[in-house]
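We did not get these values from a lab; they are worked out from the coordinates using the rules stated. Everything numeric here is computed off the predicted structure, so don't read it as measured data. Glycine also receives a Cβ, built like all others from the backbone with ideal geometry; neighbour counts cover every protein chain displayed.
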Amino acid sequence: DLPAMRQYRVNRIVAQLNELGYDGIVLFDPLNVRYATDSTNMQLWVMHNGARYAFVGADGHVCIWDYENCEFLSGHSHVVNEVRPAIGSTFFLGGNRWEEQARRWSDDMLDVIGEHCQPGAKIAIDQCHRTGYTMIEAAGYTIGEGGEVMELARRIKSPDEIKAMRCV
């Protein structure tokens, strides 16, 4: 039951956010993005750069940033509430305009965080370019370890996940 499995995973993330006192999590690791959204695209490529990422709020809101015109990649997943165009903000993706791109990335991410979190909230991040961390912190948010949230969320498997793992 894929819809049940997807919902279970988002619920696990939300439970861990609440248990650890976070208001949301920013995900760049492609395995974490897949776990949260069940959306896959160029996973090896995005391990090299921050071209695809997601946010999960403690309120259960899931937003994924993807390549333009790729909304269909998460159209099958009812847990994805919002799809936005990704903003490449590393030097690799932005070239000489990487700082400008990083500001655009930050503004967009802070827009979503602001819609789903209180000012000064505690936000977990699994991995992020330095500029992303500093801009979120400069906006008054406290940054925490997102890897912990995701590992704890994944440690308990649902019956549907176990069936999926055994599927050949």
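In table form, for the structure just shown:
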read-out: Charge context of CYS117, other residues only, Cβ under 9 angstrom, K/R +1, D/E -1; value: -2
read-out: Where only C-alpha atoms are counted, convex hull volume of the chain per residue in Å³; value: 105 Å³
read-out: Sum of -39500 (n - 2.57) over DSSP H runs of 4+, divided by residues of the chain (222 nm, nearest 500); value: -14500 deg cm²/dmol
read-out: Rounded to 10°, Cα long-axis angle of helix 98-116 versus longest principal axis of the chain; value: 50 degrees
